Amino acid sequence: MISNIENIELSFLSLEDYQELKDAMISAYTTMPEMYWRESQIKKLIEVFPEGQVVLKVNNLIAGCALSIMVDYDSFEDGHSYATITGNYTFNTHTNEGDVLYGIDVFIKPEFRGLRLGRRMYDYRKELCERLNLRGIAFGGRIPNYHKYKDTLSPKEYIDKVRKKEIQDPVLNFQISNDFHPAKILKNYLEGDTASDDYAVLLEWDNIYYEKKTKKAATIKKIVRLGLVQWQMRPYKGLDDLMQQVEFFVDAVSGYRSDFALFPEFFMSPLMAEYNHMDAHEAIRELASYSETIVQKFSELAISYNINIISGSMPVIKEGNLYNVGYLCKRDGSIDHYEKLHVTPDEAKVWGLQGGSGLKVFDTDCGKIGILICYDSEFPELSRLLADEGMDILFIPFLTDTQNGYSRVRNCAQARAIENECYVAIAGSVGNLPKVHNMDMQFAQSMVFTPCDFAFPATGIKAEATPNTEMILIADVDIDLLRQLNQFGSVRNLRDRRKDIFELRKK
């Protein structure tokens, strides 16, 4: 290993570097000394894709090199060879419309090994892949030690033992440690690679920031602003009076350019005061008569204020049965709904509520979101199913009358953020309704929770409202941080699940 390093520089490869590059290749590939690139081939690579060709210089001497092209990956069979992926070494397979960065070559001269220089070139490739918005990186990785074991181990068995550290393979170990995962064993990949017995491992790295190209004049937002409404329960003269207060809050959170407005569960309960002379189960059915009008008004507000509104929830009668249902009113005018799946014993006994049956993730212009109503948040299976469908933000509208009831929702919601590597926003109501049966006092502190890792608040709390005070809470959440957590977190709850011994699925 070289000492007295004065300068390390990563730079684009130029044709003036060729002779030194040729000497470096010959010294790096001692088992295949004739497998170096000709000057015409290097010239072609530089012409078609200069950004993909870099050299690492130490003390102004070439220490290593990385060559790559962009390809339309789906055009090649999974069992491709080195010759086919390179267009028989002409690089005619390169296209600026490609979606994958394919690694053609990477090496470090023997005297410069042990300095972790190869990682710098791999990191450059990853940054280039992200900057060009490519799906990922792929290449055929040699397994030069396999010839020692080919009589006793299949290539698959060999790779398994390398991953378990039972066999040392410096090339494959290095690639796996740089977050590349083996995808397939390639037979007859590189002609003349006797050390690998002509086998290679197709190694891939996924760009977690990749956005599929679209013709629409819109992109999925990465920084999402949440607006939570901590609603004050108070008497209203009627529906128009209540909706005037709703519009006040929508106006307030949209004024801060929020992407979502979250209202609490049963926020429209004050309207039951008019039916307080009835039994509670009759009064809430009368309340259900307002729901359709409220949903339509929410949709109009979502369009006019350019904000996605999560309506909290409201009673809905379907085929004679009473359900607790909420609505997602998107700013594009579309409306979707979600149901409370688990009703509390009190809701079933006093109001006659029944649990719904629908559970799904919603696609929005800010990515995939999930919505669970209050008690549902205390059942971890639901949010895990949503996480498996790609949920990034979980919204929980709730209604709790005591602090211990609130604590159940709050603590479970924070656990959901950690377990599912997502953001969780909860919004509830405060105050009291003395003229409405079964409502009593309300206790709430609206909050936004995050996972607990270095990129997030140490407490896992992004923002919190003042308890039991009418107010709005605004918070920005970064979706890209979730992608980084999933790949590189201190712990990776979703990736590290032991799916070999348990599974979770919808019926």
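With both partners inside segment 8-206, how many of the DSSP beta bridges are antiparallel, as a percent to the nearest 5?
Percent antiparallel among DSSP bridges in segment 8-206 is about 90.
Give the peptides 8-17, 473-482 in descending order of average Cβ contacts within 10 Å, highest first.
Averaged packing, sorted descending, gives the order 473-482, 8-17.
Treating only the Cβ atoms of Lys and Arg (+1) and Asp and Glu (-1) as charged, compute the dipole magnitude of the chain about its Cα centre; round to the nearest 20 debye.
So the magnitude is around 640 debye.
Would you mind computing, in nm to one decimal, how far apart the modelled labels at GLU157 and TYR209 are, each placed 7 Å from Cα along Cα→Cβ?
Result for the modelled spin labels: 4.3 nm.
By how many degrees, between 0 and 90 and to the nearest 10, does the Cα long axis of helix 117-131 differ from the longest principal axis of the chain?
For helix 117-131, the angle is close to 50 degrees.
At 7 Å along Cα-to-Cβ for each site, give me the label-to-label distance between ASN411 and HIS181 in nm.
So the two model labels end up 3.5 nm from each other.
Quick check: pseudo-label points 7 Å beyond the Cα along Cα→Cβ at ALA83 and THR466, how many nm apart are they?
7.7
Roughly what % of DSSP beta bridges within the chain run antiparallel, to the nearest 5?
Numbers: 62 of 85 bridges.
Counting DSSP beta bridges with both partners in the chain, the antiparallel share is about 75 percent.
Just want the ordering: ILE185, ILE472, from fewest to most Cβ atoms lying within 10 Å of their own Cβ.
Lowest count first: ILE185, ILE472.
Report, in listed order, any pair from LYS221/LYS368; LYS156/LYS187; LYS221/LYS330; LYS126/LYS499; LYS237/LYS435 with a Cα-Cα distance greater than 18 Å.
Violating the 18 Å Cα-Cα cut-off are LYS126/LYS499.
How far is helix 291-304 tilted, in degrees, relative to the longest principal axis of the Cα atoms in the chain, given as a value from 0 to 90 rounded to the nearest 10?
50
For ASN173 and SER304 in one chain, what is 0.36 nm times their gap in residues minus the Cα-Cα distance, to one decimal in nm?
41.6 nm
I need the peptides 61-72, 452-463, 432-443 ranked by packing, meaning the mean over residues of other C-beta atoms within 10 angstrom, with the highest value on top.
The most tightly packed comes first, giving 61-72, 432-443, 452-463.
For the chain, find the longest principal axis of its Cα atoms and tell me its angle to the long axis of helix 18-28, 0 to 90°, nearest 10.
90
Bear in mind these aren't lab numbers, they're just calculated from the coordinates by the rules spelled out. Note that the coordinates shown come from a computational prediction; the quantities given were computed from them, not determined experimentally. In this analysis, Cβ positions are derived from the backbone assuming ideal geometry, glycine residues included, and neighbour counts consider all displayed protein chains.
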